[in-house]
Every structure is written in structure tokens, then in C-alpha cells.
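See below for the structure under consideration.
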Amino acid sequence: MKRALLIVLLLVSAVNAYTLSDYPSFFVQDGKFKAIYVIGEEAPALDVISATVISTALAKYPNVTTEIGTSRIDSEIADITKENAIVIGSPCENSAAAQLEGNPQPCHKNLAGSVGYLKLFEKNGKVQLLVTGLTAEDRRQAAKFLAS
């Protein structure tokens, strides 16, 4: 069965309105990738693999270097809108994803089955890229799309 991928760009600020085609430039300063990866504390292993897929794909950008130690668990982040971040997970499993989505009730309210989503937010002068979907496999497909 083919899996679908839906790309949703939610731009909160119109001043620096980025699009997905600008990735990863909105996270790069002076040739360094300046964003954190945020995974839910109780996230499935596939979400961690999704973060790895995204981070290793940065090697194809010759003028971008990354630093070690850029991953965080959601409980370490008080306010995700104050970070440049790639958030991986659904609002049900990742509090940073829930915050970006406006804490939906029920938590899966805005997620359709078998679809991975990429959502771009700009808040507080920072950029947050949400890799989400109902299942970890949906999120992995979205991460693979972003990596390509």
C-alpha cells in the first residue's frame, strides 16, 4: 500500500515568510545548522530514526556544518516557540508538537490516518518545523521526504 504525504505550511509571521523550499537555509547561520531536534520523551524509536534521517541528510549541503548534541526531549523545552527547532512527533506523544498545534483536544484531532505532515511555523523570531502524523511510520515518511 502506498503511503500519502501531505505538506502543510502554516506561516504565523508574514514578515519573513519561509517556505519548505527554503529548507534548511532558515536554520543556517554562518554556515552552521542552528536548530535543535525535539523528540517526545516517550516517543517510539521510529521518531528517533526520523530525526537521524533528517540530520544525516544535511551532509549533502556542502557549506553547512552541524554540531553534536542538538537533540532534546520535549520535557526539556519550556516554550518551543523560543527555539529554532525540528519537532518530530504527534501532539499525542510530544508536548512541543502539541504546543505548536495549539494543544488540540483530542490530541489527534488534526491528524488524518496514513499521512505524514510537514508544518512550518514562525513564532517569536524563530522557526519551527513540525514533522507529524498519526503514526510513527507516517512521520518517518515525512522525514524521508524532507531529507530528499
Open item on the list: Which three numbers, in whole Å and largest first, are the semi-axes of the equivalent ellipsoid of the stretch 95-148 derived from its Cα gyration tensor as √(5λ)?
Closed with: 18, 16, 7
- [ ] Assuming 1.002 mPa s and 20 °C, estimate D for the chain with Stokes-Einstein, Rh taken as the Kirkwood radius over Cα pairs, in µm²/s.
- [x] 142 µm²/s
TODO: Any chance you could run the full-extension gain for Ala78 through Ser25? It's 0.36 nm times the residue separation minus the Cα-Cα distance, nm to one decimal.
DONE: 16.6 nm
Open item on the list: Given points 7 Å out from each Cα along the Cα-Cβ axis, report the Ala17 to Ile68 separation in nanometres with one decimal.
Closed with: 4.2 nm
TODO: Report the net charge of residues surrounding Pro91, where surrounding means a beta-carbon distance below 10 angstrom and charges are Lys +1, Arg +1, Asp -1, Glu -1.
DONE: -1
Task: Alpha-carbon centroid distance for the pair the stretch 123-148 / the stretch 29-70, whole angstrom - done: 11 Å
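Every read-out reported here was derived from the displayed coordinates using simple, explicitly stated rules and does not represent laboratory data. In this text the structure is predicted, and so the values were computed from the model without any measurement. Every residue, glycine as well, gets a Cβ built from its backbone with ideal geometry; the counts of neighbours run over all protein chains shown.
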